[in-house]
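Only the coordinates and a few stated rules stand behind these numbers; no lab work does. Just so it is clear, the model here is predicted, and its values are computed rather than measured. When we count neighbours, we look across all protein chains shown, and the Cβ atoms used for this are built from the backbone with ideal geometry, even at glycine.
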Amino acid sequence: MKGKLLVLIFLTIGFHLLAQNDKKLIREGNKLYDKGVYDEAAVNYQKVMDQNPMNEKAVFNHGSAIYQQKNFEQATNDFSKVAEMSKTPEIESDAHYNLGNSLMSQEKYQESIDAFKKALRTNPNNEDARYNLEYARKKMIQQQQQQKQDNEDQDKKQDEQKDQKQDEQKKEDQKNDQQQKDQQQNQDKQDQQQQQKKQPQQLSKEDAERMLQALQNEEKKTLEKLNDQKVKSSSKATSEKDW
């Protein structure tokens, strides 16, 4: 029995010393926090959390310190933990309030609204939570409107890109059609030239008339020559018969 009592006494002293050390670290952290040295304050609170993860003061203050460093995601985890484990309505309400602020800083407005509502249900006199609740609602409406506008702008941009693509395709088709037409015309011209080479060249009207006139002249000369020969032959015959 005496041995067990001694162990119990030593354990009690150990827990007391540990609690004293936790309080000291938290006080030092609070002083650093008040001076705005948030990173070093967070280190002190973290030391307490390492030894006693359920120390709600250390977890709460750690969340506040890293919130000031804009580490909103980790702050959200800390305040959520405090809100779950706290048995004091005021601390639970403050934890939900700070949780709402952390979520709102991440533009998670619907989640922040839920956190502010829990803060008010736990402590209806939390006027800061009431104010931030309405602020978060307005920000959520603005976010929804902006998202709607962004979607409309995106749809409009996609339609414009689609129209532009169709216009470009139309121009490309017209260009291809014109190229095919030009190629066909060139081919037709080449075919026509080849056909003309195979066929005898046709005379113009003037050339035909000149050739006809030349033939007529040649024929006239030939007739005249024949007539002259007939006349000479007739004269000779008559001379021979003259007794």
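In a residue-by-residue description of the range 189-208, the property of being out of contact with any Cys (no Cβ under 6 Å at 6 or more places or on another chain), among the aliphatic types (A, V, I, L, M) and either in contact (Cβ under 8 Å) with a residue 40 or more places away in the chain or in a helix (DSSP H, G or I) (or both) applies to at least one position.
Condition check: in contact with an Asp or Glu (Cβ under 7 Å, 6 or more places away or on another chain), among the aliphatic types (A, V, I, L, M) and within 30 Å of Gln142 (Cα to Cα). Does Ala115 satisfy that? So Ala115 fails the test.
Let's see how each residue does on (1) in contact (Cβ under 8 Å) with a residue 12 or more places away in the chain; (2) surrounded by fewer than 14 Cβ atoms within 10 Å (Cβ to Cβ); (3) assigned to a helix (DSSP H, G or I):
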| position | (1), (2), (3) |
| --- | --- |
| Lys31 | no, yes, yes |
| Gln46 | yes, no, yes |
| Asn61 | yes, no, yes |
| Ile66 | yes, no, yes |
| Lys70 | yes, yes, no |
| Ala83 | yes, no, yes |
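Taking the criterion of being out of contact with any Ser or Thr (no Cβ under 8 Å at 6 or more places or on another chain), touching a residue at least 12 places away in the same chain (Cβ under 8 Å), under 21 Å from Lys35 (Cβ atoms) and in a helix (DSSP H, G or I), would at least one residue in the range 86-93 satisfy it? No: zero hits.
Scanning the range 109-153 for residues that are outside any helix (DSSP H, G or I) and of a type in the set (S, T, N, Q) returns Asn123, Asn125, Asn126.
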